[in-house]
1. Filter segment B:65-110 for residues that are facing chain A (nearest Cβ under 9 Å) and aromatic (Phe, Trp, Tyr); which is farthest from B:Glu14 (Cα to Cα)?
2. Please pick out the residue among B:Tyr87, B:Tyr32 that is within 14 Å of the chain's Cα centre (by Cα), at pLDDT 95 or above and not in a loop (DSSP other than H, G, I, E, B).
3. Taking segment B:1-18 as the region of interest, how many residues are part of a strand (DSSP E or B) and surrounded by 15 or more Cβ atoms within 10 Å (Cβ to Cβ)?
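The values are calculated or read from the model by the stated rules, or taken from the named source; none is laboratory data. What you see is a predicted model, and the numbers here were worked out from it, not measured in a lab. Ideal geometry is used to build each Cβ from the backbone, glycine not excepted, and the neighbour counts take in all protein chains shown.
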Amino acid sequence: GAVVSQHPSWVICKSGTSVKIECRSLDFQATTMFWYRQFPKQSLMLMATSNEGSKATYEQGVEKDKFLINHASLTLSTLTVTSAHPEDSSFYICSATPRQGVFFGSGTQLSVL
Amino acid sequence: DAKTTQPTSMDCAEGRAANLPCNHSTISGNEYVYWYRQIHSQGPQYIIHGLKNNETNEMASLIITEDRKSSTLILPHATLRDTAVYYCIVRPDSSGKLIFGQGTELSVKP
């Protein structure tokens, strides 16, 4: 199946710093990618839709200034958690859609100290 | 997107068939039923999907009722590595946006 690569797999940062997470479609072009967040023992929550060449669409309750999304090319979307705080610690996952199906990255575990 | 309802958890003996039910009574005519699973601390993995007909692949079988209001995912010979959270999702095939419910936590026991 199609491959979606996410990097880094895990990151630890100090409170107040910014963290960038990359999501790449390796063998297909993706005009749209999706970002999810998952807290322990909970389901995935859709945060935003990343659109190549235009602004991301955020779900209700997700702060767009806190979670900056850039989709500058057809194979790369980035999520930047700005001024991270301990409550932003979570598992972040991206997905992308080739012609058929939806494929997910392996996720990024963010721990903010 | 239509809402789905799944049991919170299920147990299955290793080597036996695991049957995971899903209710999607408000499914629309253009919405497919998708199944994904998530092993701890990994991204969700695609299993199978269908519209009206039953489907089978190397991982599982999907049985959809005639009225499409429910479906069952069947893992024919469950192994310990099938222990995961299984998500049933309905969506139009053209949309990459997936709304996850709580899923079923399947525990396969020796």
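1. Among those that are facing chain A (nearest Cβ under 9 Å) and aromatic (Phe, Trp, Tyr), it is B:Phe100.
2. Working: B:Tyr32 fails: at pLDDT 95 or above.
Residue meeting the stated conditions: B:Tyr87.
3. Step one: filter segment B:1-18 for residues part of a strand (DSSP E or B), giving B:5, B:9-13, B:18.
Filter once more, keeping what is surrounded by 15 or more Cβ atoms within 10 Å (Cβ to Cβ): B:10, B:12, B:18.
Final tally of qualifying residues: 3.
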